1. Step through the table entries 24/56; 44/74; 74/103; 44/103, compare each Cα-Cα distance with 26 Å, and write down the pairs that go over it.
2. Could you work out how much longer the chain between residue 31 and residue 66 gets when fully extended? Use 0.36 nm per residue separation minus the Cα distance between them, nm to one decimal.
3. Provide the FRET efficiency to the nearest 0.05 for the residue 92-residue 19 pair, computing r from the beta carbons and using R0 = 41 Å.
Amino acid sequence: MSRAIFMQDGAPVHTASRTQEWCKNNMPAFWAKGEWLGNSPDIKPIENLWNILQEKLNEMNPSTNLNQLAENLKSGWRDINPLILENLVAGMPARIDKCIQLKGGYIGKKLFSFLN
């Protein structure tokens, strides 16, 4: 049995009642809208991953069309070391503890020193 928890961001398509109901009925470990801290995106692994990918894209020539953007995204994704993904997940307990200490406040980047 997986210990993974499925969570979504606050995009309207994710928070729609129909989407929330489907996820609740089809995912054993689903955190519904409002259960995840909305003001602490820095503890969510996916948010940090998007930032890492954005940094990779910023190092490339800007995309001038959709095909080039798709290629840049694929290239950026391939350049992300799998250890970074593992560290993002493994670092969750420390980030959550820090967030609790700060009463939901911004935890800063020093907990992500492994990314540099």
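1. Beyond 26 Å between Cα atoms: 24/56; 74/103.
2. 9.3 nm
3. 0.95
Readers should treat all values here as calculations from the given coordinates under stated rules, not as data from a laboratory. Every value quoted in this text rests on a predicted model; they were computed, and no experiment measured them. Backbone-built Cβ (ideal geometry, glycine too); neighbour counts: all protein chains shown.
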